[in-house]
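The block underneath contains the structure these notes are about, expressed in structure tokens.
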Amino acid sequence: ASTGVTLGIECLNRFECYLLNTHADSARFAKEVDHPNCRIMYDTFHSNIEEKSIGDAIRGAADMICHVHISENDRSTPGTGHVHWQENFDTLREINYDGWLMIEAFGLALPELAAATKIWRRMFVDEMQLSRDGLAFMKAQHAQRWQ
């Protein structure tokens, strides 16, 4: 606690991992660790696969969320796929989340990471397009709810 470092436990979908697959799993694990700097990361990609209700997943882990990964269903540019963005952002606002939102997208630039995340085709034009369009999407979502 004296260093100010927070550990954000991230659940991974069942196709990548068998240990912590839902945000409830991660929250329960972090609570069992019982340390104020052990919390969870909420991830829209894994939530899109594993959670029956996005809102319930966020509400159920609300007191433990320290960071959010904004990731499209195919790990490309946020806002271009079928993640339930309205429910994600509305519920994050509902729980008064005021932490970091970070784009998590994967491309071909790092071959080892591309292989590990099963990225075998170009998911976006280039990193600048991803950054520009992803940031514009996130700013628009933020402006609708937090302004």
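Derivation of every value follows stated rules applied to the coordinates shown; laboratory data play no part. Keep in mind that what you see is a predicted model, and the values were worked out from it rather than measured.
Tell me, how many Å apart are the Cα centres for the range 100-147 and for the range 4-62?
After rounding, the separation between the Cα centres reads 21 Å.
Give me the log10 of I(q) over I(0) for the range 1-53 at q = 0.24, 0.29, 0.31 Å⁻¹, as the Debye formula computes it from C-alpha points; what are the numbers?
Ignoring solvent entirely, the Cα scatterers give -0.86, -1.09, -1.18.
So what is the diffusion coefficient of the chain in µm² per second by Stokes-Einstein at 10 °C and 1.306 mPa s, using a Kirkwood Rh over Cα pairs?
In µm²/s, the coefficient is 100.
If we restrict to alpha carbons, what Rg and Dmax does the range 97-147 come to, in Å?
Every Cα atom of the range 97-147 included, Rg and Dmax give 13.6, 40 Å.
Please report, in cubic angstrom per residue, the volume enclosed by the convex hull of the alpha-carbon atoms of the range 33-104.
91
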